[in-house]
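Beneath this line is the structure, given in structure tokens, with notes to follow.
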Amino acid sequence: MNEKEKKRFISIRLTEAEFQKVQRLIASSACQSQTEYVKKILTNKPVVMKIRDQSKDDLLECLINLKTRLDLIEDKAADKACPQLLEEIRETRTIIQKIYVQCSHM
């Protein structure tokens, strides 16, 4: 439909609680605007909702923290010329990277 053909306007009144509920629903959707969300609802079109897996997010954050700690340990080990420790750090970093990639694609 051409934008020029859109001549009708709908206005509604909501209580503060209703408005806040709608705002939460819009925020949890993939819609870019309030208008886009409301149009989809009113025209029975599907609304894609964002879903976050908090436990996965927590795991990814822990993996990032582990990588940061390994970087610090690696710097200290490099200063002390500990090749065996450096190799173990590299292997651990590889394992963490594999876990991170697997979690990112779930």
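The values are calculated or read from the model by the stated rules, or taken from the named source; none is laboratory data. Worth saying up front: this structure is predicted, and the values here are computed from it rather than measured. Note that we place each Cβ from the backbone using ideal geometry, even for glycine, and neighbour counts take in every protein chain shown.
Collect the residues in region 23-35 that are under 21 Å from the mean Cα position of the chain (by Cα) and either β-branched (Val, Ile, Thr) or closer than 15 Å to LYS6 by Cβ (or both), keeping them in residue-number order. Outline the logic, then answer.
Filtering region 23-35 for residues under 21 Å from the mean Cα position of the chain (by Cα) gives 23-34.
Across region 23-35, the qualifying residues are ILE26, SER33.
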Problem set entry | Residue check for LEU59: within 25 Å of the chain's Cα centre (by Cα) and either surrounded by 10 or more Cβ atoms within 10 Å (Cβ to Cβ) or among the hydrophobic types (A, V, I, L, M, F, W, C) (or both) | yes
For this session: Run down GLU87, GLU91, GLU74 and say which single residue is surrounded by 15 or more Cβ atoms within 10 Å (Cβ to Cβ) and either in a helix (DSSP H, G or I) or more than 22 Å from the chain's Cα centre (by Cα) (or both).
Result: GLU74
For this session: Kindly provide the set of residues from region 79-106 that are aliphatic (A, V, I, L, M) and either on the phi < 0 side of the Ramachandran plot or modelled with pLDDT of 85 or more (or both), ordered by number.
Result: LEU85, LEU86, ILE89, ILE95, ILE96, ILE99, VAL101, MET106
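I'm trying to understand the selection: among the residues of region 25-59, which are of a type in the set (D, E, K, R), assigned to a helix (DSSP H, G or I) and under 21 Å from ILE10 (Cβ atoms)?
Within region 25-59, GLU36, LYS39, LYS40 meet the criteria.
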Exercise. When you go through (1) at pLDDT below 90; (2) at positive phi one by one for ASN44, which number turns out not to apply?
Worked result: (1)
For this session: Would you be able to say whether some residue in region 25-44 is within 23 Å of ARG93 (Cα to Cα) and surrounded by 12 or more Cβ atoms within 10 Å (Cβ to Cβ)?
Result: no
Exercise. Does LYS76 meet the test of being modelled with pLDDT of 85 or more and not acidic (Asp, Glu)?
Worked result: no
